[in-house]
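The values are calculated or read from the model by the stated rules, or taken from the named source; none is laboratory data. This one's a predicted model, so the numbers in the text were calculated from it and none came from an experiment. Cβ coordinates were reconstructed from backbone atoms using ideal geometry, including for glycine residues, and neighbour counts include every protein chain displayed. Surface accessibility is based on the protein's heavy atoms, side chains included, excluding ligands, DNA and RNA. Shrake-Rupley method; radii C 1.70, N 1.55, O 1.52, S 1.80 Å.
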Amino acid sequence: QVQLVESGGGLVQPGGSLKLSCAATGNTFAIYMTDWYRQAPGKQREKVATIFSSGETDYEDFAKGRFTISRDSAAFPVYLQMDSLVPEDTAVYFCHARATPITRDYWGQGTQVTVSS
């Protein structure tokens, strides 16, 4: 089992920045990819960015150039640096991790990000 806890959300003005963190406890050695997802009110949950155990990263188009997913030398915490935020980025941001060899998905409880003047 893996437990994920997000932090770092809050209220920020348009054009501002936030850095989210995803901490993990449990059998994190089995994790091979970690994602950030977000869900805005009335919308489906969508992927934001992924970081693999290799260090390779992948971003959705809306996140490219504005968001950066990263981690330190250890697998966790995983960070999401968000710059040039716009009101459309307002959502609950979730950390997701997938484990192998038996595929298991883990989710955090989410952290609210509100972009508003």
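If you check Gln109, Gln44, Gln39, which single one turns out to be among the polar types (S, T, N, Q), under 17 Å from Ser7 (Cβ atoms) and either open to solvent by 20 Å² or more (accessible area, probe 1.4 Å) or at pLDDT below 95 (or both)? Answer to the selection: Gln109. Taken over the stretch 2-29, the criterion of being more than 14 Å from the chain's Cα centre (by Cα) and at negative phi is satisfied by Val2, Gln3, Leu11, Val12, Gln13, Pro14, Gly16, Ser17, Thr25, Asn27, Thr28, Phe29.
This table checks each residue for (1) closer than 16 Å to Asn27 by Cα; (2) in contact (Cβ under 8 Å) with a residue 12 or more places away in the chain; (3) touching a strand residue (DSSP E or B) at 6+ places or on another chain (Cβ under 7 Å).
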| site | (1), (2), (3) |
| --- | --- |
| Gln39 | no, yes, yes |
| Val48 | no, yes, yes |
| Ser54 | no, no, no |
| Ser73 | no, no, no |
| Pro77 | yes, yes, yes |
| Val92 | no, yes, yes |
| Ile102 | yes, no, no |
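When the stretch 47-100 is filtered for residues that are in contact with a Pro (Cβ under 7 Å, 6 or more places away or on another chain), open to solvent by 40 Å² or more (accessible area, probe 1.4 Å) and among the hydrophobic types (A, V, I, L, M, F, W, C), only Val86 remains.
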